[in-house]
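S.K.: Sharing a structure with you now.
The values are calculated or read from the model by the stated rules, or taken from the named source; none is laboratory data. Computed from a predicted structure; not experimentally measured. Note: ideal-geometry Cβ built from the backbone for every residue, glycine included; neighbour counts use all protein chains shown.
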Amino acid sequence: MLETKLGDFEETILLFVGILNEEAYAFKIGEEFEKQTGRTVSIGAVHSTLSRLADKGFLESEMGDPSTKRGGRRKRIYTITALGQKALKKSRDFKISLWNQFPPFATKKLSTF
Amino acid sequence: MNKKYKEIKPSPLAEKLLLWFLKEDLAEEVLGDLDEKFYSLLENQSARKAKMNYWFQVFNYLRPFAVKQFKLFKLNPFFMFKHNFKLATRNIKKHKSSFLINLVGLSTGLACVILIGLWVMDEWNFDKNFEDGDQIYRVLANHQIGDGYSTQVHTPDLLAETLAEEIPEIEYGTPFTPAHFFKTSKISIPGKKITAAGSFVGENFFQIFSHKLIYGNKDEVLKDKSSIVISEQLAHNVFGGVEEAIGKSVEWDMVDFKVQLQVSGVFQNVSSNNSDQFDYVFPIANFHTVVPDRPVHWDNHFPSTYFKAKKGTDIASLDSKVKQFIKEKLPEGGYQLFVVPYSDYYLHGTYENGKQAGGRIDYLMLFSLIAFFVLIIACINFMNLSTAKATRRMKEIGVQKAIGADRSSLISQYLSESMLISLLSLSVALTIVAIALPYFNQITNKEIAVSLSWQLIAALFSITLITGLISGSYPALYLSSFKPADIFKGKMNRSLGALWARKGLVIFQFSLSIILIISVLIVYQQISFIQNKNLGYEKDNIIHFPIEGKIAENKESFISQIKQLNGVKGGAFSFTNLMGSQSTTMGLTWDGKNPEEPVRFENCGIGLGFIELMNIEVLEGRAFSENFAEDSTLIMNQTAINAMGLKDPIGKTVNLWGQDQMIIGVVKDFHFESLHEKVNPLFFRYNPEQALTMNVKLEKGKEKEAIANLSAFYTTYNPGYSFNFKFMDTAYQEQYNSEKRIATLSKYFAGFAILISCLGLFGLTAFSIERRMKEIGVRKILGSSNFGILKLLSGEFTKIIIISILIAIPVSYLIAQNWLQQYAFSIDLSIGFFLAGAIGAIAMTWFTISLQTARIYAINPKDCLTD
């Protein structure tokens with residue numbers, strides 16, 4: 001395990017894997033990313049991040065069922081590992097603790113978050 | 001998804017590109033994702049945009065995690081080279097016999113190619129070593145003979161000079177008399193006389209041919225009529241040095257012609273790859289002095305004509321100008337002139353019916369082809385032996401592949417193996433060449449010396465590499481194609497394709513060998529046919545020597561005196577010996593001659609008793625006799641009488657060069673030219689003035705004694721001259737020197753081809769026995785006789801040989817027929833040759849196989865079945 005830190009883009013992708021669940025494969029993740037952020041991303045970039053996350057041990061993958069949409073080809077479905085969950089949680093906790101220390105938001109506004 | 005989108009597809013090129021660089025295990029998912037993206041874009045965007053996006057996506061996969069590892073970055077080539085080298089040497093050590101077979105075969109093949117290559121290069125550079133050599137041309141003449149044409153190098157004396165004057169594109173022209181016409185001429189100073197061969201030329205000779213002048217100016221040396229330019233060698237021989245020779249006077253003489261000359265220049269010896277060889281040159285004006293009564297006009301042909309055209313001259317238009325030129329000079333026609341590049345004539349010197357018909361180039365092509373085939377046969381051995389041995393290396397290949405060697409690294413391994421062997425063969429081949437070159441030079445009558453130049457080294461290495469590549473390619477592709485899983489499962493069914501390929505290659509080899517055997521047989525038979533053919537005259541026990549000195553004035557008394565000598569049967573003089581075309585004329589007319597149809601006659605000056613001496617049969621009339629005045633009589637051959645269409649020719653009068661002559665005899669046709677030619681019309685004329693050759697007949701069985709007597713008599717009779725005689729049959733055989741050379745060369749090369757093929761067969765038999773060892777053991781136990789097993793093993797190969805024979809016979813028939821066509825008189829292609837070739841091939845095969853199969857007698861079934 002070389003690197004266990006989670007980058008920003010990596011974190012987003014990791015979250016999308018969790019959100020999409022059974023449908024978490026490179027094309028769908030890219031699609032969802034574009035829909036929700038309004039930014040474009042290439043499938044290669046998503047795929048590259050996914051494989052990096054898998055190298056770090058945050059993701060597992062296996063080949064899904066073939067589908068006619070893809071010319072009968074199978075897709076690689078990613079799932080978050082326990083380590084991945086932990087890393088996400090750690091990242092979220094860290095951010096929350098930072099928000100809590102940020103004066104303008106430290107009061108009521110945070111509760112709506 | 002909408003149906004119509006289905007028809008739009010992403011660009012196949014982009015897909016190809018992706019697959020080329022993408023890791024194989026990612027291909028499926030990535031292609032799937034990209035397809036989904038593409039079709040989802042199509043739903044609300046244009047096809048063009050979707051396609052563009054596909055390209056964009058493909059390029060975005062150029063990321064380290066997705067890109068294949070290319071070998072370029074992975075392998076250490078030097079390490080692999082060392083590894084391959086080690087494997088190759090180990091493999092050589094392990095299979096010594098097949099290594100030896102390959103080494104012998106490839107080195108012989110390479111040696112053949114190198115020798116032939118040297119020969120071809122040498123021939124190719126013939127006559128090409130002059131400055132502005134591409135501007136030098138030669139004029140040839142097509143003479144009408146009957147309804148065909150005969151091409152001659154001889155041209156009118158004045159042609160060169162007049163052409164240069166009248167055609168502006170021609171810078172310089174020179175006549176040139178071939179040096180062999182005057183090879184017995186003598187150059188003498190007081191107290192020294194040296195035989196040298198030289199040529200009469202025009203004054204511009206050295207401006208056309210850039211022979212290097214050691215002394216003298218090329219514009220001046222031949223200006224003066226009494227000048228002579230001699231070679232460095234001749235200067236040394238006569239004067240002892242170049243300096244000493246300059247300005248000295250010498251006497252030139254031949255027979256009883258004499259002329260005083262002054263050395264005006266010295267040239268560097270003529271290089272050996274030049275077809276015109278001479279020791280001296282001097283102005284042709286002297287020829288007209290020594291032979292004063294020679295008619296000089298446009299239909300009397302003697303020297304060759306060379307000229308140098310101005311730079312950039314269009315040779316086709318020049319050629320038509322030369323044709324027009326002779327039409328104006330000689331309106332009655334009879335022959336046409338045409339122009340060919342000087343250096344072309346050496347390789348393309350054969351003309352048939354006035355048309356170019358090859359020449360030495362044919363032999364060059366033939367031998368290049370043979371050398372190439374010998375090498376191919378050797379390469380085939382390599383292929384066959386290494387693929388046959390594949391079963392033994394199966395496990396090696398399997399392990400290599402299982403560990404991770406891919407196909408290309410296996411291919412490079414086998415190629416380096418074959419390269420190593422061909423490099424080793426090259427060193428052996430070079431040794432062979434070094435040893436064989438003197439003999440080769442002797443056979444080809446050449447002076448080839450190997451000088452190391454980078455071109456030669458580059459050529460040698462490229463031949464070697466190509467050999468390695470050819471011989472290694474098939475085994476490399478074949479062996480590397482095995483699937484490791486099959487190998488270990490033992491599922492290696494010997495693929496039928498490979499077996500057939502191997503058999504096909506053996507058939508190819510043997511067909512070539514059999515073609516060579518048959519061809520050599522036929523060439524030999526034709527040559528012995530030529531040498532033993534009844535020529536219509538007797539050439540045995542006849543010697544001839546030049547008439548010189550005192551003999552020239554007293555020919556008849558010399559003859560009557562030598563007749564007294566023991567062992568000498570008789571003598572007669574003549575213009576030259578009977579061999580080859582000598583002097584031709586069209587100046588013979590008769591009553592009823594069709595003026596449109598010129599007939600060219602061979603003009604043969606002879607003395608009394610010549611026809612009897614040569615045993616030429618007189619059909620009608622009589623031979624020349626001392627009892628008659630013979631100054632206006634002719635004897636003709638049958639062909640001449642037929643060509644003239646005369647009936648009862650004896651006593652008829654014809655006109656030769658304006659003088660009436662009576663036909664007194666008709667002789668049977670005899671072959672005065674080589675058997676390539678038909679017999680042409682000929683007349684004999686009694687001509688004691690132009691007698692250059694003395695012919696003497698010796699008694700059979702007493703030749704040695706007779707020559708000793710003659711030699712002793714000659715020295716006392718003709719002091720100052722040496723007795724240079726030649727046997728007529730030797731001279732006759734010299735006409736066929738090039739045929740003999742071809743016969744000898746093809747014999748050797750056919751020998752090599754056969755040797756190499758047999759070596760290959762030897763190796764294959766050994767392998768086949770080894771593979772079938774257990775089968776043989778079982779057969780022996782079950783009671784098969786040794787002979788039965790022998791039959792079984794040789795049957796397989798005999799089938800192959802029979803197929804080869806069936807292929808070889810028609811091919812060699814065509815080749816032989818083609819070759820024999822060039823002879824006017826040739827042997828019949830009997831079935832015997834082909835039978836002999838076939839039987840020879842089968843015998844050879846059985847012999848080769850039996851060398852191996854002898855082993856099966858010693859096989860003890862117990863040994864081969866227990867291991």
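S.K.: Given the conditions (1) modelled with pLDDT of 80 or more; (2) crowded, with 18+ Cβ neighbours inside 10 Å; (3) not basic (K, R), which single one is not true for B:A388?
M.R.: Condition (1) is where B:A388 drops out.
The rows are residues; the columns are (1) modelled with pLDDT of 85 or more; (2) over 30 Å from B:N554 (Cβ atoms); (3) among the acidic types (D, E).
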{"residue": "B:I246", "(1), (2), (3)": "yes, yes, no"}
{"residue": "B:D256", "(1), (2), (3)": "no, no, yes"}
{"residue": "B:Q260", "(1), (2), (3)": "yes, no, no"}
{"residue": "B:V263", "(1), (2), (3)": "yes, yes, no"}
{"residue": "B:F267", "(1), (2), (3)": "yes, yes, no"}
{"residue": "B:V270", "(1), (2), (3)": "yes, yes, no"}
{"residue": "B:F282", "(1), (2), (3)": "yes, no, no"}
{"residue": "B:T289", "(1), (2), (3)": "no, no, no"}
{"residue": "B:P292", "(1), (2), (3)": "no, no, no"}
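S.K.: Could I ask something else about it? Answer yes if at least one residue in segment A:32-43 is within 14 Å of chain B (Cβ to nearest Cβ), under 15 Å from B:E29 (Cβ atoms) and within 13 Å of the chain's Cα centre (by Cα), and no otherwise.
M.R.: no
S.K.: Another question about this same structure. Among the residues of segment B:637-662, what is the count of those that are in a strand (DSSP E or B), buried (at least 18 other Cβ atoms within 10 Å of the Cβ) and either within 45 Å of the chain's Cα centre (by Cα) or not hydrophobic (A, V, I, L, M, F, W, C) (or both)?
M.R.: Residues in segment B:637-662 being in a strand (DSSP E or B), buried (at least 18 other Cβ atoms within 10 Å of the Cβ) and either within 45 Å of the chain's Cα centre (by Cα) or not hydrophobic (A, V, I, L, M, F, W, C) (or both): 3 in total.
S.K.: A further question follows. Run B:R502 past the list (1) under 27 Å from B:S804 (Cβ atoms); (2) modelled with pLDDT of 75 or more; (3) not in a helix (DSSP H, G or I) and report the number of the one that doesn't hold.
M.R.: (3)
S.K.: Of the residues B:I421, B:I397, which single one is surrounded by 20 or more Cβ atoms within 10 Å (Cβ to Cβ) and at pLDDT below 85?
M.R.: Just one listed residue meets the conditions, B:I397.
S.K.: I'd like the full set of residues that are over 40 Å from the mean Cα position of the chain (by Cα) and small (G, A, S), limited to segment B:676-710.
M.R.: Those that are over 40 Å from the mean Cα position of the chain (by Cα) and small (G, A, S): B:A706, B:A708.
S.K.: If we keep just the residues of segment A:44-77 that are within 17 Å of B:F38 (Cα to Cα) and in a strand (DSSP E or B), which is nearest to the other protein chains (Cβ to nearest Cβ)?
M.R.: A:R73
S.K.: Just to check your reading of the model, which residue among B:S804, B:S757, B:S785 is more than 30 Å from B:H671 (Cβ to Cβ) and over 36 Å from the mean Cα position of the chain (by Cα)?
M.R.: Result: B:S785 is the single residue among B:S804, B:S757, B:S785 that is more than 30 Å from B:H671 (Cβ to Cβ) and over 36 Å from the mean Cα position of the chain (by Cα).
S.K.: Filtering segment B:90-136 down to residues that are outside any helix (DSSP H, G or I) and among the aromatic types (F, W, Y), which residue is nearest to B:D276 (Cα to Cα)?
M.R.: Checked segment B:90-136; the qualifying residue nearest to B:D276 (Cα to Cα) is B:F126.
S.K.: Answer with yes or no whether B:A824 is small (G, A, S), out of contact with any Asp or Glu (no Cβ under 8 Å at 6 or more places or on another chain) and closer than 30 Å to B:S738 by Cα.
M.R.: When the stated conditions are applied, B:A824 does not pass them.
S.K.: Hey, another quick one. Quick one: how many residues across segment B:698-735 are more than 25 Å from B:I527 (Cβ to Cβ) and not β-branched (V, I, T)?
M.R.: The number of residues fulfilling the criteria is 23.
S.K.: I'd like the full set of residues that are farther than 18 Å from B:Q509 by Cβ and of a type in the set (S, T, Y), limited to segment B:749-806.
M.R.: B:S784, B:S785
S.K.: Look through B:L34, B:L41 and report the one residue that is part of a helix (DSSP H, G or I), within 11 Å of another protein chain (Cβ to nearest Cβ) and farther than 13 Å from B:I8 by Cα.
M.R.: Result: B:L34 is the single residue among B:L34, B:L41 that is part of a helix (DSSP H, G or I), within 11 Å of another protein chain (Cβ to nearest Cβ) and farther than 13 Å from B:I8 by Cα.
S.K.: Answer yes or no: is there a residue in segment B:670-683 that is more than 28 Å from B:Y351 (Cα to Cα), surrounded by 18 or more Cβ atoms within 10 Å (Cβ to Cβ) and touching a strand residue (DSSP E or B) at 6+ places or on another chain (Cβ under 7 Å).
M.R.: No, there is no match, as no residue in segment B:670-683 is more than 28 Å from B:Y351 (Cα to Cα), surrounded by 18 or more Cβ atoms within 10 Å (Cβ to Cβ) and touching a strand residue (DSSP E or B) at 6+ places or on another chain (Cβ under 7 Å).
S.K.: Could you check segment A:1-12 and list, in sequence order, the residues that are buried (at least 16 other Cβ atoms within 10 Å of the Cβ) and within 14 Å of another protein chain (Cβ to nearest Cβ)?
M.R.: Scanning segment A:1-12 gives a single hit, A:E10.
S.K.: Can you name the residue in segment B:536-547 that is at pLDDT below 75 and buried (at least 18 other Cβ atoms within 10 Å of the Cβ) and is also nearest to the chain's Cα centre (by Cα) among such residues?
M.R.: It comes out as B:K539.
S.K.: Can you find a residue in segment A:78-93 that is closer than 19 Å to B:L34 by Cβ and either touching a Leu at 6+ places or on another chain (Cβ under 6 Å) or away from every other protein chain (no Cβ under 14 Å) (or both)?
M.R.: Within segment A:78-93, one or more residues are closer than 19 Å to B:L34 by Cβ and either touching a Leu at 6+ places or on another chain (Cβ under 6 Å) or away from every other protein chain (no Cβ under 14 Å) (or both).
S.K.: Name the residue that is nearest to A:L15 (Cα to Cα), counting only residues in segment A:34-64 that are surrounded by 13 or more Cβ atoms within 10 Å (Cβ to Cβ) and of a type in the set (S, T, Y).
M.R.: A:T49
S.K.: Please return the ranges of helices (runs of 4 or more DSSP H) entirely within segment B:258-369 where 2 or more residues are surrounded by fewer than 17 Cβ atoms within 10 Å (Cβ to Cβ) and in contact (Cβ under 8 Å) with a residue 24 or more places away in the chain.
M.R.: Helices (runs of 4 or more DSSP H) meeting the threshold: B:285-290, B:315-329.
S.K.: Here's another thing I want to ask about it. Just to be sure I understand the filter: pairs with C-beta atoms under 6 Å, separated by 6 or more residues or on different chains, first member in segment B:48-61 and without any contact (Cβ under 8 Å) to a residue 40 or more places away in the chain and more than 8 Å from chain A (Cβ to nearest Cβ), second member assigned to a helix (DSSP H, G or I) and surrounded by fewer than 20 Cβ atoms within 10 Å (Cβ to Cβ). Which pairs pass?
M.R.: B:N53/B:L41
S.K.: Specify the residue that is surrounded by the most Cβ atoms within 10 Å (Cβ to Cβ); the eligible residues are those in segment B:62-92 that are more than 14 Å from every other protein chain (Cβ to nearest Cβ) and at pLDDT 85 or above.
M.R.: Residue satisfying both the conditions and the ranking: B:T89.
S.K.: Just to be sure I understand the filter: pairs with C-beta atoms under 7 Å, separated by 6 or more residues or on different chains, first member in segment B:216-228 and buried (at least 19 other Cβ atoms within 10 Å of the Cβ), second member in a loop (DSSP other than H, G, I, E, B). Which pairs pass?
M.R.: B:L222/B:E203; B:S227/B:V221
S.K.: If I ask for residues that are of a type in the set (D, E) and modelled with pLDDT under 90, which ones from segment A:12-53 would you list?
M.R.: Result: A:E22, A:E23.
S.K.: Now, a different point. Considering every residue within segment B:194-208, establish whether at least one is in the same structural domain as B:S317 (by TED's automatic domain parsing), more than 33 Å from the chain's Cα centre (by Cα) and surrounded by fewer than 16 Cβ atoms within 10 Å (Cβ to Cβ).
M.R.: yes
S.K.: For segment B:704-811, list the helices (runs of 4 or more DSSP H) that sit wholly inside it and hold at least 3 residues that are in contact with a Lys or Arg (Cβ under 6 Å, 6 or more places away or on another chain) and at pLDDT below 80; which are they?
M.R.: Because the criterion is at least 3 residues that are in contact with a Lys or Arg (Cβ under 6 Å, 6 or more places away or on another chain) and at pLDDT below 80, the helices (runs of 4 or more DSSP H) in segment B:704-811 that meet it are B:728-734.
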